[in-house]
Amino acid sequence: MATIRTYPWTRHFLGSPTGHVVHLRRGRVAHEGVGQAFWFRPTTSVLSEVPVDDQELPVFFHAVTSDHQDVTVQAGVTYRFADPVTVSQRLDFAIDPGTGEVSTAGRDQVTSIVGRLAQSRATDALAAMPLADALTAGVPHVRDVLTEALTTDPRLAATGIVVIGVQVLAVRPEKDVERALQMPAREHVQAEADRATYERRALAVERERAIAENELASKIELATRRERLVAQEGANARREAEEKAAAALVDARATAERAQLATDAKAEQVRVVGAAEAAAEQARMEVYANAGQGTLLALALREAAGSLPDVQNLTITPDLLTGVLGTLARGMAGDGGPTGPQGGTGAATTGKAA
């Protein structure tokens, strides 16, 4: 956009790098070009600025096919002003000398010219095509038609406009028709989705069945192993009981045998001891039988003295001594032994008593 500075009775113009300015003074070109800077008087000057960069023009219109179906065409046209001087003469790109603003009438004129030309040629092309062909091959066909029509149009060339490219974005029918045309594809997609869903469900059911079978087989296997384990444990328990019973039987037999042996040994010992005691008693009886009465009395007193308590003092009265001596004398007289030995025996007895 150009910049205009205001001074008393004059103005200063500073152009832009994308605008081609044309300065007319009294009907003649005073300044022309891109990026111009000059002084001018607003009362005697006319300024125009034509853009020299590429311009994009969107085109949107309706057309009717050969089978009377309405379609919408969405396209875009890229153009350029090849001859800015001619454009400034044919179209209104005037600059306000006070504010520097460029008039939009020129762009509106270009939009109208290019848009109507594109619409008329595209409408003619689509009118010769049925809806099915327009939807399938309409985009490249319309693009070729518009490219040829816009690049060779004499009015555009005379105005100084050069079309660089044409893009056709879409050729679409009405919403109801489009929805109806999309229905078979949607039904097909839905059928494929349902089929995939059913297959997925069937696969899931099959997998669940396989899992259930595996679980059942695992339970059966576990039950079989449990049965084997119980049987083995029972057999082990029976074997252990049998072994314990056999061990207890052997132990009982060994204990009985040991008791029998101990009893026999004790009985034998008792028999031997009894026999020895009997023999000793018999020998003692034989000795007693051959001994005299005094001897037996002395032995009896000795045996009794061994069991009597300890006697510290013993008092012998004459009566007791007389009775004892009498008894001894009678005993010695009954034995019939000589007096010497009997006196010796009495002396020994008296000494023992003392």
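Note that the range 248-287 carries a Kirkwood radius of 12.0 Å, evaluated over its alpha carbons pair by pair. For the chain, the fraction of C-alpha pairs farther apart than 25 angstrom is 79 percent.
Considering every alpha-carbon pair of the range 174-286, the percent of pairs per 10 Å bin, from zero through the bin containing the longest distance, is 10, 11, 11, 10, 9, 8, 7, 7, 6, 5, 4, 4, 3, 2, 1, 1, 0.
Nonpolar atom fraction for the range 174-286, defined as the carbon and sulfur part of the 1.4 Å probe accessible area, stands at 58 percent. Between 0 and 90 degrees, rounded to the nearest ten: what's the tilt of helix 339-353 against the longest Cα principal axis of the chain? Once rounded, the angle reads 40 degrees. Taken over the alpha carbons of the range 45-106 as equal point scatterers, the Debye sum produces base-10 log I(q)/I(0) values at 0.17, 0.29 Å⁻¹ of -0.70, -1.19. Summed over the residues of the chain and divided among them, the accessible surface reaches 67 Å² per residue at a probe radius of 1.4 Å.
The values are calculated or read from the model by the stated rules, or taken from the named source; none is laboratory data. Computed from a prediction, not measured in an experiment: that's the story for all the values here. With ligands, DNA and RNA removed, areas are computed over all heavy atoms of the protein, side chains included. Shrake-Rupley method; radii C 1.70, N 1.55, O 1.52, S 1.80 Å.
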